[in-house]
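The values are calculated or read from the model by the stated rules, or taken from the named source; none is laboratory data. What you are looking at is a predicted structure, and each value in this text was computed from that prediction instead of being measured. Positions of Cβ are generated from backbone atoms using ideal geometry, with glycine treated the same way; all protein chains shown enter the neighbour counts. For accessibility, only protein heavy atoms count, side chains too; no ligands or nucleic acids. Shrake-Rupley method; radii C 1.70, N 1.55, O 1.52, S 1.80 Å.
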Amino acid sequence: MIRVRFLNADGSLAAETVAAPGARLLDLAQALGLPLEGTCEGAMACSTCHVILPRDLFRALPPPTEHEEDMLDFTAHVAPTSRLSCQVYLPDGIAEFTASLPPGHTNMQGR
Ligand code: FES
């Protein structure tokens, strides 16, 4: 199992869980009640599922498709390691996975 952490834009912990390799990042975030809307349900038409990954994890994943990169070009607060979480599946062979919510998506639950 992989320990998955979601961070707020300020670096504070938003939520954490454990999941098996192959789990989709957006599904995990939504199960935790995080504010990643995923309005298009993974059709790469909304970018409301945008997250920012650490550089090492970004490099460990299969690269984004051209369509995903095109969507990210129109996304607010995009970073060099941004991904659409609907396109990210937890890889094999890692113990931990961290993703940051972009600014404006701070999880207000539990505060
Ligand atoms: Fe719409 Fe990811 S859910 S682009």
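For the chain, the relative contact order works out to 40 percent when only alpha carbon pairs closer than 8 Å and six or more residues apart are counted. Classification of segment 11-111 by its C-alpha gyration tensor yields a rounded form. The axis ratio a/c (a ≥ b ≥ c) stays under 1.5.
To the nearest 10, the accessible area of residue 39 is 90 Å² with a 1.4 Å probe. Think of a 1.4 Å ball rolled over the protein heavy atoms: the chain then has 53 Å² of accessible area per residue.
For segment 4-70, the fraction of C-alpha pairs more than 16 angstrom apart is 53%. In a simple Cβ point-charge model (Lys, Arg +1; Asp, Glu -1; nothing else charged), the chain has a dipole of about 380 debye relative to its Cα centre.
The residue 18 and residue 74 beta-carbon pair, evaluated with R₀ = 35 Å, returns a calculated FRET efficiency of approximately 0.60.
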